[in-house]
1. Which is open to solvent by less than 20 Å² (accessible area, probe 1.4 Å), within 26 Å of the chain's Cα centre (by Cα) and either touching a residue at least 40 places away in the same chain (Cβ under 8 Å) or not assigned by TED's automatic domain parsing to the domain that holds D473 (or both), of L41, L47, L72?
2. Would you point out which residue out of A362, A332 is touching a strand residue (DSSP E or B) at 6+ places or on another chain (Cβ under 7 Å) and of a type in the set (G, A, S)?
3. Here is a list: D504, D499. Which entry is within 16 Å of the ligand (Cβ to nearest atom), at pLDDT 95 or above and either of a type in the set (S, T, N, Q) or surrounded by 12 or more Cβ atoms within 10 Å (Cβ to Cβ) (or both)?
4. For residues that are touching a residue at least 40 places away in the same chain (Cβ under 8 Å) and under 19 Å from A295 (Cα atoms), tally how many sit in segment 93-115.
5. Restricting to segment 75-87, count the residues that are assigned to a helix (DSSP H, G or I) and either farther than 16 Å from M361 by Cα or open to solvent by 70 Å² or more (accessible area, probe 1.4 Å) (or both).
6. Can you say whether W264 is modelled with pLDDT of 95 or more, more than 13 Å from the ligand (Cβ to nearest atom), surrounded by 16 or more Cβ atoms within 10 Å (Cβ to Cβ) and within 18 Å of V113 (Cα to Cα), as far as the supplied structure shows?
7. Please indicate, with yes or no, whether at least one residue in segment 170-181 is in the same structural domain as L225 (by TED's automatic domain parsing), surrounded by fewer than 18 Cβ atoms within 10 Å (Cβ to Cβ) and within 16 Å of the ligand (Cβ to nearest atom).
Amino acid sequence: MVLRTQLPGWQAVEAQAEAMKSMHMKDLFASDAERFNKFSLSLPSMLFDYSKNLVDESTMAALFNLARECELENWREKMFSGERINITEDRSVLHVALRNRSDDALMVDGVNVRAQVKAELNKMRSFTNTVRSGDWKGYTGKSITDVVSIGVGGSNLGPQMTTEALKSYGDGTLKVHYVSNVDGNQIADVLAPLNPETVLFVVSSKTFTTSETMTNANTAVTWFLDAATDKAAIAKHFVAVSTNTEKVTEFGIDAENIFDMWDWVGGRFSLWSAIGLPIALYLGFEQFVELLDGAHLVDNHFEQAPLEENVPVIMALLSLWNCTFLGAQSQAILPYDQPLHRLTAYLQQAEMESNGKHVNMAGEVVPYPTVPTIWGEIGINGQHAFYQYLHQSNNIVPADFIGSVESVANVNGHHDILMANFFAQSEAMMTGVTEDEIRADLASKGHSQAYIDNVAPHKVHEGNRPTNTILMDKLEPKTMGMLIALYEHKIFTQGILLDICSFDQWGVELGKGLANRIHSEIASNQVSPHHDSSTASLVRYYNDKK
Ligand code: F6P
């Protein structure tokens, strides 16, 4: 198996990196009036500007060439056609099928996936409409007022992030609450103000074996039965989304109340399936469909646009360029749109669970860093927290700035102030300010030479820090669908470039298994002699004190 590093295209990009390291973006802008036009792309209702990266046309050509050598187009085709590209779990990867509402058949293992998706969407539509209209009655004949979604990881982050992002598009018919943590504080807080007669629980778990989710679901049943007393009432207040019908039925949820998903939907790509039911319940089914349509528009773009004009492909190539070739170790996600305040958490799972791996498809340890650490915060809050580091630390952190032309809630000129900061920050990260400029500025303000000598070096900003800007017309269901799908395809492309299986998550399993064992040791108060002395002592300390 040829390692990526042995590809001529990889070596050509390395040579580019050597050449570009001595350049400053400021000079690249100064010498090319067309730079923005060359390095930006438009999608419907969205602009993507990547001109503030340390690239020129030959860098981009080398990166596109590498993508072709990695057979990106071929892999993309395999994904869209349902080939089993999740090689360690032997599964197709078909979240794109969840937002394709066309009638063309897509056969996987002799089954028409499109028909399955359509049937489930119809079931979601009818259920959503019944609950939202008030026709779905609880055990005392009252309509539902509150939905509690129980799930974790991919069965929580996507729906919760999207519900928050589109909060102002809800009509207030239903309140939706999310419980993901096994820390009892969360479920206790959520349940405390609720009335069991008017609550609907959606238990979302692809496997229906995730212990945190099952613990929360059991607590919800106990809380509910404390009031309802009759187990038959569960059918009116609990629905499940899962691939594991057997486990759901065993748990006590009515077969009628099970929404299906399939093993070809990865957890972290599942908000488009019935895992998105809480979003649909909150927004209404029509707006959920707009979300799907936005994602589908980007699917078509990703599938059909040449690599040179393909936004998610360029996002992935730049991530590879900045991190693997230029050495950045992390990547900041900086949304300047308050409703997107959970986006970074969502992308942490999406990117890091997908590509935080150390071996290639053939199982060989790769000799390069893979996905960077993803972190970040809502723009303005971040500015008053860690932007000092973004501007002046000696670690370069490439950043994605995400904002909107129109604010969802336009309050008295706030948005222009927000956006002035949005534009200023990426400009400052790119241009920086030299010591000569600082000295001249301080001198013009009449400061003493001693003061200037003392302060000037501290005010230097080297600049040359890469950023992308994603500017939406407005955050709404369709653009939200587009935004998420852009990152999903970026992640796919990154996986191919890095030669990584992006669709498994073995790294989560080790800790899960150990936690189960330690839980039994806590319950029996018998600490296994097989632990290291630190773990054994910590568990004993806990057991003795509790
Ligand atoms: O956190 C690990 C993980 O396996 C994720 O990949 C998944 O989204 C999450 O657990 C929840 O899994 P499930 O939907 O099966 O409960």
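The values are calculated or read from the model by the stated rules, or taken from the named source; none is laboratory data. Nothing here was measured: the structure is a model prediction, and the numbers come from that model. Here the Cβ is made from the backbone with ideal geometry for all residues, glycine too, and neighbour counts use every protein chain on show. Each accessible area value is taken on the protein alone, full model and side chains, heavy atoms only, with ligands, DNA and RNA left out. Shrake-Rupley method; radii C 1.70, N 1.55, O 1.52, S 1.80 Å.
1. Details: L41 fails: open to solvent by less than 20 Å² (accessible area, probe 1.4 Å); L47 fails: open to solvent by less than 20 Å² (accessible area, probe 1.4 Å).
Of the residues listed, the single one that is open to solvent by less than 20 Å² (accessible area, probe 1.4 Å), within 26 Å of the chain's Cα centre (by Cα) and either touching a residue at least 40 places away in the same chain (Cβ under 8 Å) or not assigned by TED's automatic domain parsing to the domain that holds D473 (or both) is L72.
2. Details: A362 fails: touching a strand residue (DSSP E or B) at 6+ places or on another chain (Cβ under 7 Å).
Exactly one of A362, A332 is touching a strand residue (DSSP E or B) at 6+ places or on another chain (Cβ under 7 Å) and of a type in the set (G, A, S), namely A332.
3. Numbers: D499 fails: within 16 Å of the ligand (Cβ to nearest atom).
The match here is D504.
4. As a first pass, look at segment 93-115 and keep what is touching a residue at least 40 places away in the same chain (Cβ under 8 Å): 93-101, 108, 113.
Checking which are under 19 Å from A295 (Cα atoms) leaves us with 93-101, 113.
The total comes to 10.
5. To start, the set of residues in segment 75-87 that are assigned to a helix (DSSP H, G or I) comprises 75-80.
From what is left, the residues that are either farther than 16 Å from M361 by Cα or open to solvent by 70 Å² or more (accessible area, probe 1.4 Å) (or both) are 77, 80.
Matching residues across segment 75-87 total 2.
6. Numbers: modelled with pLDDT of 95 or more: yes; more than 13 Å from the ligand (Cβ to nearest atom): yes; surrounded by 16 or more Cβ atoms within 10 Å (Cβ to Cβ): yes; within 18 Å of V113 (Cα to Cα): yes.
For W264, the condition - modelled with pLDDT of 95 or more, more than 13 Å from the ligand (Cβ to nearest atom), surrounded by 16 or more Cβ atoms within 10 Å (Cβ to Cβ) and within 18 Å of V113 (Cα to Cα) - is met.
7. The first filter runs over segment 170-181 and keeps only residues in the same structural domain as L225 (by TED's automatic domain parsing), leaving 170-181.
Going one step further and asking which of them are surrounded by fewer than 18 Cβ atoms within 10 Å (Cβ to Cβ), we end up with 170-173, 175, 181.
Keeping just the survivors that are within 16 Å of the ligand (Cβ to nearest atom) gives 181.
Yes, that holds for at least one residue.
For every residue, the table says whether it meets (1) part of a helix (DSSP H, G or I); (2) surrounded by 16 or more Cβ atoms within 10 Å (Cβ to Cβ); (3) within 16 Å of the ligand (Cβ to nearest atom).
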residue	(1), (2), (3)
E212	yes, yes, yes
A217	yes, yes, yes
I234	yes, yes, no
A240	no, yes, yes
E246	yes, no, yes
E286	yes, no, no
E290	yes, yes, no
